[in-house]
Structures are given as structure tokens and as C-alpha cells.
1. With the requirement that a residue be in a loop (DSSP other than H, G, I, E, B) and either more than 49 Å from the chain's Cα centre (by Cα) or surrounded by 17 or more Cβ atoms within 10 Å (Cβ to Cβ) (or both), what does the range 458-470 give you?
2. Taking Leu222, is it more than 23 Å from Gly90 (Cα to Cα) and modelled with pLDDT under 70?
3. Under the condition of being surrounded by fewer than 17 Cβ atoms within 10 Å (Cβ to Cβ) and part of a helix (DSSP H, G or I), which residue from the range 417-457 is farthest from the chain's Cα centre (by Cα)?
4. Is there a residue being surrounded by 15 or more Cβ atoms within 10 Å (Cβ to Cβ), on the phi < 0 side of the Ramachandran plot and either over 45 Å from the mean Cα position of the chain (by Cα) or assigned to a strand (DSSP E or B) (or both) anywhere in the range 219-229?
5. Would you mind finding the one in Leu337, Leu377, Leu360 that is modelled with pLDDT under 80 and part of a helix (DSSP H, G or I)?
6. Those residues that are over 20 Å from Ser431 (Cβ atoms) and in contact with a helix residue (DSSP H, G or I) (Cβ under 7 Å, 6 or more places away or on another chain), I need them from the range 374-404; list them, please.
7. State which residue is nearest to the chain's Cα centre (by Cα) when the search covers only the range 172-205 and only residues that are surrounded by fewer than 18 Cβ atoms within 10 Å (Cβ to Cβ) and among the polar types (S, T, N, Q).
8. Any chance you could count how many residues in the range 74-83 are surrounded by fewer than 17 Cβ atoms within 10 Å (Cβ to Cβ) and either touching a strand residue (DSSP E or B) at 6+ places or on another chain (Cβ under 7 Å) or in contact (Cβ under 8 Å) with a residue 12 or more places away in the chain (or both)?
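The values are calculated or read from the model by the stated rules, or taken from the named source; none is laboratory data. Because the structure is a prediction, the values reported are computed rather than measured. Glycine also receives a Cβ, built like all others from the backbone with ideal geometry; neighbour counts cover every protein chain displayed.
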Amino acid sequence: MASDTDTANPDRGEPGWLSWLPGSRLGRLIIVLNLLGLAIIIVGALVLNELRRGLVIARIDSLTTQGELIATIIDQAATVGEPTPTMDPGYASQLLQLLSNPRTQRARLFDNTGKLIADSYWVADRVEWKVLPPAKAPGQQEGIDLGLRPAKLPPKAANAALSFEVGQALTGKHVAGMRRSDDGERVVSVSIPIQHVQAVLGVLTLEANDVDETIARQRAALFPFILLSIAVTFVSSLLLNTLIALPVRRLARAADRVRLSRARSISLPDLAKRDDELGDLTRALEAMTDAQSERMGAIERFAADVAHEIKNPLTSLRSAVETLDIVQDPAARERLLAILKQDVQRLDRLVTDISNASRLDAELSREDMRPFDLGRLIGEIVQIYEASAKPGEVGVVYQPPDAIDPAMVSGREGPLGQVFRNLIDNARSFSPAGGQVRIVLERVRGDAVVTVDDDGPGIPPDNLETVFERFYTSRPKGAAFGGNSGLGLSIARQIVGAQNGEVHAENRTDPTGRILGARFVVRLPEAKR
């Protein structure tokens, strides 16, 4: 049997670190697992981006410091002429050869017209080299550059970028940044003007071409984050498959077993113990199929009871019909005809009540529950009995509540009216001629309590619950045969239970314990105001 489930509050016991996310428990878990791998990549990229920016800035600072030192020395040692100073190109080239480090950077010296007068690659006799591409097979066409190697810029474009930078420095500005060299590599470049007082004598340019190598190292450092993200995504996918996909498939298969009539209910205790939406769904499905199984059992029992109850009058009818052809005495034939009429009346009553009982579930499910005045409903029913009462019949008396406010209950007015009609009819059938059926409505601790009293013989103590069973009937002597099917009280309890209420039977007694009659008590919760 499935346990009770609170599907209205699926986030009970939610950990605080997940409570700020939208959605349900499983929804939040899915969001966290899917975002975790992406977060690793983002964090790694941001960290390495900052590292790359810091390395470039540090390289620019280093080149700027070196360039300012070299420019100051050239200014102090290679400047000649007064009052118009000029730079000695030969001596400046010698100083550049002494102070530059061509193994890690390239230094170039330009005069005040932008003409190149010295290059550290010249003085160091540096040899350009590069890794050759793989050899091609005979007849193989020239391959397409896929961008694996830096694209070589046209010399004019590379020279234009350098000339622009030198031109900026000739105005007296310090220029620093990144650009492409003529071989396509990214270089960090610093151009510093060589100034004597206010006169710009030339420009010193320092370049470092190890940027691509630094970026390659950074990309390589990103691979662990990528691998970790892939692993987290893979693990999260396995968790989602284990926590969601597989249980849902088990639920689908269990539902198929119920649909194919191989099982009466779903039973998955391990899933029902889960404290998430799938646990709620499992418990709800178990409760639903258990209720369905109980309803199917009730229908089967109801069908067996109906067959049994209909069989009795049919047997009596067949016996009377068979005897009618044999009996010749007119008085005896009249008695047989009276029995036939009684059996037909009984069958008609049974069929009518069985039809009402079979439609009851559908009617209760179609009609919505709404607040209404219970006192008004009972008053209208009692007025109908008073209007149709004949002299000598059992009367019906109604005592409304003392409170001014009406007794409002939430339910279905039509079916509840049938409950009180069934109780009144039952009480009248047991009351003696000229007696009374008394109805009292009270409000007790948030409930509307209706009591229906009669002056009949009462109910045997052992039968206080039996009277609510289907087709149970115990008529007093002299009652019309076939006038009751035994379904009225059973229908009344079913309707009251559907309205979240309860009904029970008891006996009224005097101080000595003598039974004064039967009492049926209906308790319904009042509607929230």
C-alpha cells in the first residue's frame, strides 16, 4: 500500500544551497549538473585569460624598462652637435649591439626621419629559420593552409604597421602594444622616442616574439579544464540516467503490467522511499492503482450482491408462475397474484436503487464541491415532506441551529440532499403511525452535525455498522414487502464519505437504558470563511 504523499509541497526538506534555484528538486539537480561542466570551462578560460593579459602587460613593462634605459644611454652618449643636437648613427649602432639581447627580442633604431639605421639582427648576424612542412608525395598538389601555422603578412602590410608605430613615437609618445610581424607571428612591441631636451633624435623599437608560444602554453593549460568538464558532464549524464530515466522506465513498465491486467496495482517500494518528485509520483501511482484495485474489488462484490438480490425475487416469481397454472382455487390464485405483484415491485425497487448506486461515483466526480447553507437544504427537504404528509402518517420536524450565522459546508448539494432523504425515509419506515422524525442541526467545533431521530424499535447493538452494508435490510413487522432494497444507508455513507464527512448509527435510550429509538448522526466539516 502506498504511503501518503504531499505533492502540493514537492520541495520539503530542500537544502539551503539549492533553494534559490527555480524549479523542483529534480529540476534543480538537473540545472546544477548541466551547469557544472560549463562553469569549469568558463572559470578556466577566465583564469587563463587574466593570466595571458598579465603576461602581456608584464612583457610590455619589461620591454619599456629596457627600452628607456637603452634610449637614455644612446641619448647621453651618441648625441652630438650644439645648439642643434643630432644622433651619431655609427656610435648608436655600437651601443645597440652592446645593450640589446637578440636571442629573446629584436631591437631596431630609427633616425628622426623614420629611416632604419640599426637592427639587432644585423649586428648579431642572426639567421632566420622555421620548421619545414611535411614532404609531399610525388604528384600531390599544394595543400591548403588550415591555419595551423601563422599566416605570413605581405611585407607592405607589416612594414606599414611598423612605420605607423614609429611615426607615433617620433611625435614624442611612448607606443606599446601587439602587432603582426612580416612572418605572421604576434609580437609585443614598444617604441620609445630618443629625446634630447625637447628634440626627438630617433626612435628605439623593441619587439618580443614569444607571445604565440605563451598563448600556446595557455591553451595547453586549458586542456585539463576541458577534460574535467567532459568528465563532469559524462558523470552528470550517468546520474541523470540513473536517477531519472531508469526509474521512469520502471514506472512505465509497471504501468504496462497494470494495463495488461497482469497486476492489480503498482508496487515499487524502493522508488516510493525517495524524497523527490519521482518518489511522489511513485507513491501517487501506487495509491491510485491501490484505489483502482479496491474499486474493482468493490464492483465485483457489488455485482455478486446484485445477482444474489435479484435472484431471490426471480426465484419467487418463477415459483409463483409455475404454481399459478396448477392452483384452481380463486382465493389461492389471488394470493399468488399478490405475490407476483410484490415481487415485481421488489424487482423494480432493486433495479432503481442499483441504477442509482452505480451512477453515484460518476455523479460525485462530475459535480464540483462548493459552499452552501446546509440548514437551508434540510429546511427545503422537510417542507416537501410536510406538504405531502397525510393524516396519520409519520411527521417530520426540523430544528435549525441557534446561531445567527448559517451552517455553511463545502460539498455537493444534490447528493447530500439524497443522503437526508434516505435517512428520513429509513426513519419513517421504522416509526409507528402518528410518530415523528426529528432532525436537529448543530455546529460543534467547526463541524455541522445533523441528527435524525425516530421512535422505532432501535437497532440491535451488533448491527450498528451492519445497517450500512449493501442490501442489508431488517424491516419491522407489517412493513410493505419489497419496499426497501437495503441500499439507502449504504448510498448515504458513500456520499457523506465523498464529502469528507462521516455518518454513524446509535440508539436513543432513557436513564434506565431502555431503547427509545434509533439515531443517525451526520458530521460534515464547515466551509472555510
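1. To start, the set of residues in the range 458-470 that are in a loop (DSSP other than H, G, I, E, B) comprises 458-460, 464-465, 469-470.
If the condition is that a residue be in a loop (DSSP other than H, G, I, E, B) and either more than 49 Å from the chain's Cα centre (by Cα) or surrounded by 17 or more Cβ atoms within 10 Å (Cβ to Cβ) (or both), then Gly458, Ile459, Pro460, Arg470 are the ones that fit.
2. Numbers: more than 23 Å from Gly90 (Cα to Cα): yes; modelled with pLDDT under 70: no.
It is false that Leu222 is more than 23 Å from Gly90 (Cα to Cα) and modelled with pLDDT under 70.
3. So the residue we want is Asp425.
4. no
5. On the way: Leu337 fails: modelled with pLDDT under 80; Leu377 fails: modelled with pLDDT under 80.
Of the residues listed, the single one that is modelled with pLDDT under 80 and part of a helix (DSSP H, G or I) is Leu360.
6. Within the range 374-404, the first condition is being over 20 Å from Ser431 (Cβ atoms), and the residues that meet it are 374-377, 379-380, 400-404.
Selection gives Leu377, Pro400, Pro401.
7. Gln195
8. Within the range 74-83, the first condition is being surrounded by fewer than 17 Cβ atoms within 10 Å (Cβ to Cβ), and the residues that meet it are 76-77, 80-83.
Then keep just the ones that are either touching a strand residue (DSSP E or B) at 6+ places or on another chain (Cβ under 7 Å) or in contact (Cβ under 8 Å) with a residue 12 or more places away in the chain (or both); that gives 77, 80.
Residues in the range 74-83 being surrounded by fewer than 17 Cβ atoms within 10 Å (Cβ to Cβ) and either touching a strand residue (DSSP E or B) at 6+ places or on another chain (Cβ under 7 Å) or in contact (Cβ under 8 Å) with a residue 12 or more places away in the chain (or both): 2 in total.
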